[in-house]
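Here's the structure, in structure tokens; my notes come after.
The values are calculated or read from the model by the stated rules, or taken from the named source; none is laboratory data. Worth saying up front: this structure is predicted, and the values here are computed from it rather than measured. In this analysis, Cβ positions are derived from the backbone assuming ideal geometry, glycine residues included, and neighbour counts consider all displayed protein chains.
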Amino acid sequence: MRNQPASVTLPAEPGPFPGGGSRACPSAGDVLSEHQYQQQKFLNQSSGPSYRKDQYFPKGQNRGERGRGRGGWQGGRQSISEEMPRYITVSTFAQARAAEISAMLKAVSQKSSNSLVFQTLPRHMRRRAMSHNIKRLPRRLQEIAKKEAEKAVHQKKEQSKTKCRKARRRHMNLVAEFNRRQRKNIWLETHIWHAKRFHMVKKWGYCLGNSPTEKCYRACYRAMTKHCLLQDLSYYCCLELTGKENELLKQLAQLCSIDTGLTFGEACCLSGRFEGSVNLYRADRYPEDMLGPVTFIWKPRDGSENRQLWIWVHPALKQDILGELKAIFQCSEPEEICIPEPVTTSVQEEKQMDVVLSLGRKRKEEDKEGEKAVPVKKIIGDGTRDPFQSYTWISQTTGVAISDKSMEILRYRLIGPLSHSVLTETLKACRKRSELNWWFHGNVHLCIFKGISSPSELPPGTILGLTVGDPRVNMPKKKTKAVPDFEKYQDNDKVRQLYLEGVPVDCAHSFIWDQDICKNVTENKISEQDLNHMRAQLLVPGSHLDLGPCESKIPILLVQQPGKMAGEDRPGWGSGWDIYLPKGWGMAFWIPFIYRGVRVGGLQEALKHSEYQRTPHTPNDFPDCQAGMQFAKELETSLLEKFKRRPPAKRPNYVKLGTLSPFIIPWGQLTKNWERRMKASGEFVHPSSPHPEHCATEGHSFCDPEAEVMKEASPETGEVEETVEISSEGALKTEDLSAWCYPTAGKDRRIRLVSRLGQKEMTEDVFLPILMSYPRALVWVNLSLLRKGNPELHAMICIPTEDDLLHLSKDKLFCGPQEPKHRDIFKHKIQKLKEEKKKKKKDNTKALEGDPPSVPEQETTEEHEDLILGLWSDALPDVTSHCSRTLLGYVTRGDFSLAAGCGEALGFVSLTGLVYMLHKQPADKKGLVLLRTPASLQYRFARLTIEV
């Protein structure tokens, strides 16, 4: 029998049964005496059940030799009678039968599969409605089906009530779902548009478009060069400072220095006509502890005692700069608590979902509960901000208020020579009405832009305030390409006056500075549904829609971006306009721009834009600020993980290639080694350093704060140029350092450029005070390859030897020397570690017994824990002299340049090493360096320049 207890056995041989049985019909010869019977019974009961094989079967006979049943037994009835037990012990027999019965009942009651009751029925008895209608089942199975249904209801998780797609795609449910998904990473107002066309990444607390999904690398470059590229920069953070002008300038002077160029107190910027840019440092810590680059705009004076200042910062720099501003202005108490837009809370959302999507009923307009449903509003601005978190801080001592207006002001950037043509076709000035005049002021200069061929012709940083109508009204039916119309506006006098003097102060004013007006404009925006309804009611379909007095008046601000200002080639490349909008109007301006033929770019396109301009990108190219250090650590982690994913035979061995740090640049080590190198050689050394405090100390593992990037700005343009700043004691200027990089003899000499830069003769009296002042400074340089080659990230910039330069002068096709292959000094350690691991794996007995490994084994394991084949595992040696060519610096960005038609790279070099190289090189070979990628042994010649 199935599930029969193993202790129950039915013997087939005559004799005593372990359970205590006898034959039912004994023969005459088998009758025992009473005494013998009692004695045998006592022996059987006392001995207990026995399970030996020879007890049931005679010796030599196995179980298979027994009879096969009634018809198959050899002896007929005689055999049957002989095999019957002689007697039965009731208690033992009943216990065995009870175990069999319980096993049988258990097998019957338990299901052998996961199928439901109606699925166990024969196919001819099954009905389609049995799964949800229990009464369709046979009556004997209905109770079991009820229990299964109750059990399934309690066990399964509570499912979402919006299961079907139709319910999920309802507008109210979509908005609620989008609001929920924005709680962790903020969405821009153009997020949905980008998510359908871009690869999205989560950075700095935002969800941003990284690069388009279509192949458009060259198309984006053509748009920046010939037409227009559009970018959404609304993730940039705006910090508004309000207070007395003198108090603001007094405290902000602690964060910047006049040695780097323009400051917050520059006259042209203070008037509100131009945008300024400056590098911020910790209070009174210049040139150390850099915070990062920012741009700022002053509100034009309106007769009030207080002034408003907008400081635009990158989100990676926001917390450091905001904390420093609150510290210098002594702001501690919040002025007001942020009350976000009335978005439905979680409780309201649950009520709404219960009401609108009731289980088992369809939503009806006349449903009484539907009237109680709370409408869900779309998040506008930074709706993810904590309601109890302050966003405005006021100082009780200085009276200055600091407001965080992130996501309250939207910011778009148009790049390209036809960006102003896109603006003039999209933006239409509002018509003045006598009853409403708070929004009106001069929009004349918007028309003058039609006679300008490129935004780079205007003064850098020009600000223009406008009040425009709804751009959705003037949208074309099909995509068109905006082009300038010079015949339409030919007032050359006004255009010339605009070139020379810029925009007047009155035209720089905008009502976007007024928070109440911006709030009113956002709340009274006409929805897309109402706008489409008005279009449908037009007598002539497709004609112009005149909204009349209902048309919105949107205050905006236009800020000119000058593009490439440094260097001789491609002046003004990448110029364009930044447009500032009130929140809620993002898509209303975005789609009309798209219909004017612009191409949209993401973070990668912004990176290429700064690369072709040869300007540092935030925060990638600022290794001396906290955001730059954090970026370098994250980049190292990602590159190391990618390196580990490849098998050892399919990845480069950087130790053999002579690359000490392929994933992160040791800036601090580089500057220290050059300083130590100069002191050891005895060159360029004074007995005492005039600025010992500027020397780096043992700080960060890869980048010391003192290895700073000095900046100097031109007083005419206000644009920051990455150079080495020198104190008043130093006789070196930016122009001098740039001129020294050009050859003064031979075919490549630049006599006119050198004379224009005003070069001083390179003598020790000129550059020695500089090296003493800043022995660990870094210089931002541009490199162009002479021959083939494509520079990569973290490529090494090295000094060529005399033999290399001699070989190049003899053979013009000489690409460059090769680095001798290095020996991997960590290979035997890694092999030893692998052998130890194998030995440890085989030695299972010690692990099972729990014996701890010996102390030497533990130390060896910990010592080689971080060993990776192909990477330098010990402390870095002298990075400048590790290879056959002396290391000068590193490349932070490099690629084939579509603008130059050759490989170009941007990076930093040590100031001490640069001056040493230029001092030693011959006149016709000045500025020549060698580039080597981390995964190659081939050096390639490149031209080093410093653009001013």
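Does the stretch 311-327 contain any residue that is over 26 Å from the mean Cα position of the chain (by Cα) and modelled with pLDDT under 85? For the stretch 311-327, residues over 26 Å from the mean Cα position of the chain (by Cα) and modelled with pLDDT under 85: absent. Suppose the filter is outside the structural domain of TRP573 (by TED's automatic domain parsing), over 25 Å from PRO582 (Cβ atoms) and in contact with a strand residue (DSSP E or B) (Cβ under 6 Å, 6 or more places away or on another chain); does SER131 pass it? Considered against the rule, which asks whether it is outside the structural domain of TRP573 (by TED's automatic domain parsing), over 25 Å from PRO582 (Cβ atoms) and in contact with a strand residue (DSSP E or B) (Cβ under 6 Å, 6 or more places away or on another chain), SER131 comes out as no.
Checked against the criterion of being farther than 22 Å from ASP811 by Cα and without any contact (Cβ under 8 Å) to a residue 12 or more places away in the chain, the stretch 888-899 has no qualifying residue.
Only a single criterion out of (1) in a strand (DSSP E or B); (2) at pLDDT below 90 is not satisfied by MET534, namely (1).
Those helices (runs of 4 or more DSSP H) of the stretch 806-874 in which 2 or more residues are at pLDDT below 80 and either aliphatic (A, V, I, L, M) or touching a Cys at 6+ places or on another chain (Cβ under 9 Å) (or both) occupy 844-849. In the stretch 908-939, the residue that is farthest from TYR742 (Cα to Cα) out of those that are polar (S, T, N, Q) and modelled with pLDDT under 90 is THR912.
Every residue, every condition in (1) surrounded by 15 or more Cβ atoms within 10 Å (Cβ to Cβ); (2) not acidic (Asp, Glu), yes or no:
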position	(1), (2)
LYS478	no, yes
VAL505	no, yes
ALA508	yes, yes
ASP516	no, no
ALA536	no, yes
HIS544	no, yes
ILE554	yes, yes
MET565	yes, yes
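Going by what's in this entry, would SER304 be described as among the hydroxyl-bearing types (Ser, Thr, Tyr), farther than 30 Å from ASN620 by Cα and either modelled with pLDDT of 60 or more or part of a strand (DSSP E or B) (or both)? Judged against the criteria, SER304 is a match.
Within the stretch 258-300, being in a helix (DSSP H, G or I) and either crowded, with 19+ Cβ neighbours inside 10 Å or not small (Gly, Ala, Ser) (or both) holds for ILE258, ASP259, THR260, CYS268, CYS269, LEU270.
In the stretch 614-664, the residue that is farthest from GLN938 (Cα to Cα) out of those that are polar (S, T, N, Q) and assigned to a loop (DSSP other than H, G, I, E, B) is THR618.
Taking the stretch 383-441 as the region of interest, none of the strands (runs of 3 or more DSSP E) fully inside it holds 1 or more residues being under 19 Å from LEU466 (Cα atoms) and at pLDDT below 85.
Contact map, the stretch 867-881: residues that are under 13 Å from PRO662 (Cα atoms) paired with residues that are of a type in the set (A, V, I, L, M, F, W, C) and part of a loop (DSSP other than H, G, I, E, B), Cβ distance under 6 Å, separation 6+ or inter-chain. Pairs shown: TRP872/LEU660; SER873/PHE826; SER873/LEU867; LEU876/LEU660; VAL879/LEU660.
Please tell me if LEU670 is hydrophobic (A, V, I, L, M, F, W, C) and either surrounded by fewer than 17 Cβ atoms within 10 Å (Cβ to Cβ) or over 21 Å from VAL879 (Cβ atoms) (or both).
no
The helices (runs of 4 or more DSSP H) found wholly in the stretch 140-257 include none carrying at least 3 residues that are surrounded by fewer than 19 Cβ atoms within 10 Å (Cβ to Cβ), touching a residue at least 24 places away in the same chain (Cβ under 8 Å) and among the β-branched types (Val, Ile, Thr).
For the stretch 675-682, the criterion of being touching a Lys or Arg at 6+ places or on another chain (Cβ under 8 Å), at pLDDT below 90, in a helix (DSSP H, G or I) and farther than 24 Å from ARG282 by Cα is satisfied by at least one residue. When the criteria are applied in full, GLY907 fails the requirement of being among the small types (Gly, Ala, Ser), over 17 Å from ARG885 (Cβ atoms), within 35 Å of the chain's Cα centre (by Cα) and surrounded by 21 or more Cβ atoms within 10 Å (Cβ to Cβ). Just give me the residues in the stretch 548-566 being under 20 Å from TRP590 (Cβ atoms) and part of a loop (DSSP other than H, G, I, E, B), in sequence order. If the condition is that a residue be under 20 Å from TRP590 (Cβ atoms) and part of a loop (DSSP other than H, G, I, E, B), then GLU551, SER552, LYS553 are the ones that fit.
Within the option set GLU214, GLU247, GLU240, being of a type in the set (Asp, Glu) and either at positive phi or not assigned by TED's automatic domain parsing to the domain that holds ALA316 (or both) holds for one residue only, GLU214.
Condition check: out of contact with any His (no Cβ under 6 Å at 6 or more places or on another chain), surrounded by 18 or more Cβ atoms within 10 Å (Cβ to Cβ), within 21 Å of SER936 (Cβ to Cβ) and modelled with pLDDT of 70 or more. Does ILE797 satisfy that?
Yes, satisfied.
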